[in-house]
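Rule-based calculations on the coordinates, nothing more; no lab input. Note that this is a predicted model, so its numbers are computed, not measured. All Cβ positions, even for glycine, are placed from backbone atoms using ideal geometry, and neighbour counts span all protein chains on display.
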Amino acid sequence: MPLRRNPLLYEINTWVWLNDLSQRYQRPLTLETVPDEVFDELAALHMDAIWLMGIWQRSPHGRQVARHLNFLLEEYRRALPSVSQEQIIGSPYAVYRYEVDPHYGGREALAAFRQKLAAHGMKLILDYVPNHVAIDHDWTVEAPDALIEVSAEQAAAQPGMYFAAPRPEANGRYFAHGRDPYFPAWSDTTQVDAFAPRARQVTRETLNTIAQQCDGVRCDMAMLLVSRIFSSTWQRPELPTQEFWVEVIGGVRAQHPDFLFMAEVYWDMEADLLAHGFDYAYDKRLYDRLLHESPSSVRDHLTAALSYQRHMVRFTENHDEARAMASFGRARGQMAALLSATLPGMTLFYEGQLEGRRVKLPVQLGARPYEPADAETVAFYQALLAEVNADIYHAGVFTLLGVLPLNGGSHTEPLFAYTWAQGAERRVVVVNLSRDSAAQGRVMLGDPALGGAAAWRFTDAFNTADSFLVPTDSLLTGGLYASLPPNGYKVYHLAAAER
């Protein structure tokens with residue numbers, strides 16, 4: 001069965017999560033031995049899918065790189081001051097082999113974990129890293145024509161860009177490190193050649209194997225494989241006749257038609273990746289606008305076509321971003337999380353977000369510091385997840401609403417409102433996008449179906465004591481009065497009053 005529309009996704013840093021569970025239960029746990037009550041706890045979050053981040057075998061050579069780079073060591077110590085060498089496990093995005101790490105119990109343990117998720121109504125999402133593999137990956141020996149190979153002279157001239165393959169079986173070959181054109185090369189990786197037929201073949205084969213083990217993949221830095229980006233990054237002017245993702249996704253869907261593809265994507269290239277076959281794409285622009293830009297910028301972003309919005313992945317944090325409590329703060333973080341979760345599209349939550357964690361953990365670490373749960377944050381997310389589990393957010397009709405100034409011309413730009421409708425059921429969501437200014441206005445519902453009752457009762461989902469009646473005539477002509485503090489929000493349930 002496919003995911004419901006506008007699904008909820010929960011990202012778990014698998015190594016760290018299992019480490020914490022092992023301490024909680026006072027015994028080493030694998031994916032196969034995770035206690036049943038933990039699955040009950042996950043199910044209680046109302047998530048549609050679980051993303052196990054970092055499931056594949058990590059590179060032994062990559063681990064050594066991760067343990068000796070000074071800038072990384074400084075980052076580790078900021079997150080975990082007492083960090084030990086054993087806790088530096090290497091990057092999950094320098095994949096050694098696309099086989100479940102033995103630390104988790106291997107492929108059979110993952111299969112058991114997936115089965116238990118399915119029994120609780122949840123899908124399983126895993127990572128795929130298309131742009132690069134580890135410096136000691138099997139492809140450096142078995143499929144060098146899938147990688148960017150260079151001469152010894154090129155490698156010597158640019159040692160930060162190229163390297164000698166460390167595995168003896170690679171027979172002294174030299175390859176390019178994986179890279180994003182705006183940053184230095186990743187020294188624990190090898191660059192995949194997106195234009196090479198062999199790279200597309202082994203990518204399809206690998207993804208078809210992965211598709212036997214899960215329900216979808218989150219593809220790391222997916223835009224780097226788009227022809228114009230790859231061509232510019234690697235000075236390869238002759239473009240292939242078919243885009244990398246069109247060919248790869250088409251090949252996988254031929255065998256696994258319901259397999260889900262989610263793209264991590266930046267540089268305003270979401271539409272490109274969706275056109276190439278992805279089901280969902282990161283909405284990093286919404287995240288950036290909420291964090292740094294004006295209310296009008298957020299509003300403009302959210303007026304895009306509904307057919308596009310439904311394929312966005314909204315979030316306020318993930319393993320790449322700072323923790324929401326640290327970047328947004330509590331008040332703005334709650335508003336941004338509520339906005340993200342009640343809009344069309346997928347909503348991504350990161351394990352630890354629901355407890356208000358503040359420490360951004362480097363992905364190379366297998367342990368994290370103790371942080372007490374923030375009681376207010378826990379209560380907020382319990383209420384939010386219960387609310388957005390309602391069927392109206394997944395099968396209802398979404399409509400943006402206009403907001404008019406009060407008499408006297410109050411500033412209403414920060415107010416943003418929309419409604420969900422399903423049969424006779426209604427939700428009205430109003431948020432104040434301003435960081436520092438209160439806002440007032442009238443939300444114009446303009447819904448003829450509201451004329452079927454003499455009045456309507458509005459009850460706030462987050463404060464049921466906030467409940468009031470509005471006569472229908474007043475509602476349809478003058479709108480709903482809204483007054484919110486900076487970062488304020490209201491989610492109203494509507495109920496018809498008797499005539």
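Structure data summary
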read-out: Rounded to 10°, Cα long-axis angle of helix 70-79 versus longest principal axis of the chain; value: 40
read-out: Amide H partners (placed H, <5 Å) of ALA439, local residues excluded; value: LEU484
read-out: Sequence-distant residues sharing a close amide H with THR190 (under 5 Å, placed H); value: VAL133, ALA134, ILE135, GLY178
read-out: Linear extension gain, GLU142 paired with TRP234, 0.36 nm per residue minus alpha-carbon span; value: 30.8 nm
read-out: Residues whose placed amide H lies under 5 Å from that of VAL150, excluding near-sequence neighbours; value: TYR174, PHE175, ALA176
read-out: Relative contact order for region 8-393, counting Cα pairs under 8 Å that sit 6 or more residues apart, in percent; value: 17
read-out: Ordering of 274-285, 336-347 by burial proxy (mean other Cβ atoms within 10 Å per residue, highest first); value: 336-347, 274-285
read-out: Calculated from backbone phi, Karplus (6.51, -1.76, 1.60) coupling profile of region 487-497 in Hz, x at Gly/Pro; value: 6, x, 8, 9, 10, 9, 8, 9, 9, 6, 9
read-out: The chain - mean residue ellipticity at 222 nm from DSSP helices (-39,500 (n - 2.57) per run, n ≥ 4, rounded to 500); value: -9000 deg cm²/dmol
read-out: Note, ³J(HN,Hα) from phi for region 213-220, Karplus 6.51, -1.76, 1.60, rounded to Hz, x at Gly and Pro; value: 10, 7, 9, x, 10, 9, 9, 5
read-out: Loop-located chymotrypsin sites (Phe, Trp or Tyr not before Pro) in region 313-417 whose Cβ has at most 12 other Cβ within 10 Å (DSSP); value: TYR370
read-out: Helix 375-388 vs. the chain, principal-axis angle (Cα, 0 to 90°, nearest 10); value: 80
read-out: Förster-model FRET efficiency, 22 Å R0, LEU469 and LEU406, C-beta, rounded to 0.05; value: 0.65
read-out: Proxy reagent accessibility, fewest Cβ within 10 Å first, across VAL133, VAL252; value: VAL252, VAL133
read-out: Phi-based couplings in Hz for region 26-40 (Karplus 6.51, -1.76, 1.60; Gly and Pro marked x); value: 6, 6, x, 10, 10, 4, 6, 9, 4, x, 4, 5, 5, 5, 5
read-out: Partners for LYS123 among lysines (Cα-Cα distance below 27 Å; same-chain residues under 8 apart left out); value: LYS284, LYS360
read-out: Neighbour count of at most 11 Cβ within 10 Å plus DSSP loop: longest GluC sites (Glu not before Pro)-free window in the chain; value: 239-497
read-out: Charged-residue dipole, Cβ positions (Lys, Arg, Asp, Glu), the chain about Cα centre, Debye nearest 20; value: 580
read-out: Chymotrypsin sites (Phe, Trp or Tyr not before Pro) within region 148-211, DSSP loop, no more than 14 other Cβ atoms inside 10 Å; value: TYR182
read-out: Anisotropy class of the chain from Cα gyration tensor, a/c 1.5 cut; value: prolate
